[in-house]
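Engineer: Here you go, one structure.
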Amino acid sequence: MTATITPSIHLTRIYDTLIETYGEMHNEPNYDPLGGLIGTILSQHTSDINSGRAYRQLVDTYATWEEVRDAPTNKVADAIRSGGLANVKAPRIQDVLHTLTEQQQDQGGTKALAEFLYDEIQKFTPEEGWKYLQKLPGVGPKTSACVMLFNMNEAIMPIDTHVHRVSKRLGLIGPKVNANQAHTVFAKIAPPDWVYGLHVGMIRHGRQVCHAQRPKCGECPLYQECAYVGSVNAQETGAS
Ligand code: SF4
């Protein structure tokens, strides 16, 4: 059962401003965590366009994830070449598929791997599912959170570089909280229904206004909520 979270006034103003500025955000989950996981691995260190192309090429080349698992690694790398770092990502993808296969064998199951992973995640709470995915080889907190949020529609906040920077400047997380710790902070402060909107809104804000270098504070709709420019302080934001 998901705990009820009452958001702070500070977070409420930020959420409302993000929605007003960047529009309502709607998640469109496909409940395919394995496809999402492999797509997220492909998206590491490249653009969405390149990783999307690599994913399509991979699923056009192989009809099932079992075929990807059993193919020669250099052939899988060829199929995902357009996504960059193909020689790193191909063995990483196959490692994940082999690990899931072993997990299923240990349970004596025979499902397709995609179905197996979906069913495994369903056994857990969202937080446990997020942790479970991180036990797969090469899967870190952000990749795991992306799968839980985008594919499984669970309220786990992925913390990428934009979300981390913006949430720190706004005082939603303390100055010393690293990206991995921030996942846990958001689980405590953000109502589950807001997580998708906050995530997408903060990424847009980070890309368009709150740049890492020379943020456009003079035209920022969140100026009044920002700890970085001194509009609010730690007592008001509750961040530590
Ligand atoms: S006021 Fe500046 S630092 Fe603060 S959120 Fe806006 S752009 Fe970022």
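The values are calculated or read from the model by the stated rules, or taken from the named source; none is laboratory data. All figures in this text were calculated on a predicted structure; none of them were measured in a lab. So basically every Cβ, Gly included, is an ideal-geometry build from the backbone, and we count neighbours across all protein chains shown.
Engineer: In segment 1-73, which helices (runs of 4 or more DSSP H) lie fully inside it and hold 3 or more residues that are aliphatic (A, V, I, L, M) and touching a residue at least 60 places away in the same chain (Cβ under 8 Å)?
Structural biologist: Those helices (runs of 4 or more DSSP H) span 9-22, 33-43.
Engineer: Which of (1) assigned to a loop (DSSP other than H, G, I, E, B); (2) closer than 25 Å to PRO141 by Cβ; (3) touching a residue at least 24 places away in the same chain (Cβ under 8 Å); (4) within 10 Å of the ligand (Cβ to nearest atom) does HIS205 not meet, given it meets every other one?
Structural biologist: Result: HIS205 passes all but (1).
Engineer: Right, next: Counting just the residues of segment 112-153 that are in a loop (DSSP other than H, G, I, E, B) and modelled with pLDDT of 95 or more, which one comes out farthest from CYS210 (Cα to Cα)? I'd like the intermediate steps shown before the answer.
Structural biologist: We begin by selecting, within segment 112-153, every residue in a loop (DSSP other than H, G, I, E, B); these are 112, 123-125, 134-140, 152-153.
Narrowing the set further to residues that are modelled with pLDDT of 95 or more leaves 112, 123-124, 134-136, 152-153.
Details: ALA112: 43, LYS123: 39, PHE124: 36, GLN134: 30, LYS135: 33, LEU136: 33, MET152: 29, ASN153: 27 Å.
The residue in question is ALA112.
Table: residues versus (1) within 14 Å of the ligand (Cβ to nearest atom); (2) closer than 30 Å to PHE116 by Cβ; (3) among the acidic types (Asp, Glu); (4) modelled with pLDDT of 95 or more.
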{"residue": "ARG165", "(1), (2), (3), (4)": "yes, no, no, yes"}
{"residue": "LEU170", "(1), (2), (3), (4)": "yes, no, no, yes"}
{"residue": "GLY174", "(1), (2), (3), (4)": "no, no, no, no"}
{"residue": "LYS188", "(1), (2), (3), (4)": "no, no, no, no"}
{"residue": "VAL200", "(1), (2), (3), (4)": "no, yes, no, yes"}
{"residue": "ALA212", "(1), (2), (3), (4)": "yes, no, no, yes"}
{"residue": "CYS217", "(1), (2), (3), (4)": "yes, no, no, yes"}
{"residue": "TYR223", "(1), (2), (3), (4)": "yes, no, no, yes"}
